[in-house]
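The values are calculated or read from the model by the stated rules, or taken from the named source; none is laboratory data. It should be emphasised that the depicted structure is a prediction, and the values quoted were computed from it without experimental measurement. Here the Cβ positions follow ideal geometry from the backbone for every residue, glycine too, while neighbour counts run over all protein chains shown. Keep in mind that these areas ignore ligands, DNA and RNA; they rest on the heavy atoms of the full protein, side chains included. Shrake-Rupley method; radii C 1.70, N 1.55, O 1.52, S 1.80 Å.
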Amino acid sequence: MTAHGDTDPSEAPRAQGPATPEPSPAMAAQLYAVLQRFSQAIVVFGPDDRVVFANDRYHEMFPRSPAAGVILGWRFEDLLRHSIAAGQVPQAEADPEAYVARRLSQRGIAREGLIGDRWYRAVEERIPGGGIVLSYSDITDRRLVEEELRRKSAILSAAMEAVPGGFMVMDERFNFVVWSRNWPAIGGATDEIIRAYPNMPDLARWQSRRGDYDAIRLDPAQFDAQAVAAVPWLGRLLALQAARPPQLTPSEEERELLVQWQLLRYRAEGRPDGERAEGSGTIHIGGEDGRIVEFRRNRMPGLGWVSIYNDVTERYRHEEETARAHAETARALQELRDTQESLVQAEKLASLGELVAGVAHELNTPVGISYTAATFLADRLREFRDDLANGPPRRTALMDFLDLVEETANLMTVNAGRASRLVQSFKNIAVDQTSDERRVLSLKPYLEEIAISLGPQWKRPGHVLTIDCPAGLVLDTYPGALSQVLTNLIVNATLHAYAPGQAGRLTITVSPLPSPPPAAGRLAVEHVEILFADDGKGIPADALPRIFDPFFTTRRGAGSTGLGLNIVFNLVTRTLGGRIEVDSAPGRGTRFFLRLPKVAPQPPAAAPPTAPIGPASAGR
């Protein structure tokens, strides 16, 4: 808009009042002086639509208008065309004549528009008896303030809509002032319903009629006589609820009192049960199977209440499903661990059973020889006694008999001793494998006992087992775990490392390791390395990373369970507190490196869970 710009009309032409008397020269001079002091630009047109007055403010606002001494007598149309030519009416540039025609038909109205970079409000007032007073007010500052308010309002509106749930502002009289688009739906309503029930009491009554409060039952025990007396209708509500069976819906009176009960939390002192409107919490809408809503409500003194709501139904249900799934997973994992533990125990017993069978086989020879020798000696003794009945024996016969007895006794002693050593070794190893006790042991003799007890496993196929261990090396450890580890390694090698009928060489080499510098605040820990090696066919590259996995075996159809090396891994890394590594390649045999502390770690206060389903398992 310019001095004679064009905007949408906002006011209808004003009706002309009754005629007024002609002013005196003194009154005219006084009016002239008053108009000059106006902050608005003033132009007065006479009945012939020519300028009869323009104050100085007009020329300040529109410096390209005709000068003060020239403008008098200009017609409105001429002044408008001058403004268009001076570039003060940009909206007229497309069709100046059409613009002039439209403006001439719109005299006597008010409009706002932009002139240059300033906003003006132009008001045309018809003068009684003819003529028009045209005034311009600079409203740029007001428009800037309004624009800033609109901008901030848009930001606030966007912020409200960005709230994940719902946002609502309510004044002190519980009237809803503003709310986000999502807020009505959280409470099961619509925007139309909120506009139909524009305050909290009316909306609460609508919710009550819908049955939202039917499940609310107050506990009379939580209210003393003073609390009941402080709320006149509370006693009536308690009486109505006491008289109503749970299967019946509340009466209209009870529902109205429940509405009042809901509103009571907005009191400064809150409700008698201690609940206050200000704060946060969780509410169920539509019963236990309905929506779950979290809210936060804050009071703004003198202004009202701000409430933020968030529908968390899906989150709660997801958390419940996650909790159920976690419980089921934990239960399945525990069952798997129990099963794995049972299999581990079964594997131990199977190993022990094989040990018993081997020892029994190994005992068969010395015991059989001893029995045969004893039987032979008994027969010779009877014969000798019969010879004595016929007379004294000759010296040569007596010496032959004594030599026979001595030779037979020596044979029985050697074989009985061999059987005794086998039984003693078996007893030590068997007791250790079935016991979790910790003790100090001399390593070399203990390894030799293990080799003796497992003799049938490695001797029968023709293998050779050698032990290289420094004398006097002592460990404070768990012998049962150590014997189980070496038993599984030896048995694993005899089963998997060689082809049927192929003899091989097994070695157990023990080396003390140098003590590393202790970590800060810790004592140095001494270790030993036990190397178990075979010269068999080795392990394929694709199977090597999996040999410690549970239930992995290359001999599934041959009776292997895939738990032998799993047990080895768990016993070495957990019970013995060490580390195990393997090095193998096809055709180069296999080497297991066991790095064990000389003093095994103390067990934790609570029994640790069985080995995770990961490193640990059977054959090659």
**Message:** If packing is taken as the average number of other Cβ atoms within 10 Å across a peptide's residues, how do 226-234, 270-278 rank, most packed first?
**Reply:** 270-278, 226-234
**Message:** Show me the three semi-axes of the equivalent ellipsoid for segment 30-143, from the C-alpha gyration tensor (sqrt of 5 times each eigenvalue), largest first, rounded to whole Å.
**Reply:** 20, 18, 14
**Complete:** Taking 0.36 nm per residue of separation between Asp78 and Leu513 and subtracting their Cα-Cα distance, the length gained on full extension comes to 145.3 nm
**Fill in**
For segment 30-143, averaging the sequence separation of alpha carbon pairs under 8 Å that lie six or more residues apart and dividing by its residue count, the contact order in percent is 26 percent
**Message:** Tell me which of Pro96, Ser83, Ser137 sits at the most positive position along the dipole axis of segment 30-143, charges placed on C-beta atoms (Lys, Arg +1; Asp, Glu -1).
**Reply:** Ser137
**Prompt:** log₁₀ I(q)/I(0) of segment 90-140 at q = 0.31 Å⁻¹, via Debye over equal Cα point scatterers, no solvent, to two decimals?
**Reply:** -1.11
**Fill in**
What one gets for segment 82-225 as the Kirkwood radius, inverse of mean 1/r over different Cα pairs in Å, is 21.2 Å
**Item:** Listed residues Met168, Met61 arranged by accessible area, highest first, probe 1.4 Å
**Value:** Met61, Met168
**Item:** Burial ranking of peptide ranges 484-496, 302-314 (average Cβ count within 10 Å, highest at the top)
**Value:** 484-496, 302-314
**Request:** Express in whole angstrom the spacing between the alpha-carbon centres of segment 107-142 and segment 168-217.
**Result:** 46 Å
**Cα pair count fraction exceeding 27 Å, expressed as % - segment 163-316** = 24 percent
**Base-10 log of normalised Debye intensity for segment 210-280 (one unit scatterer per alpha-carbon) at q = 0.13, 0.14, 0.16, 0.18 Å⁻¹** = -0.37, -0.43, -0.56, -0.71
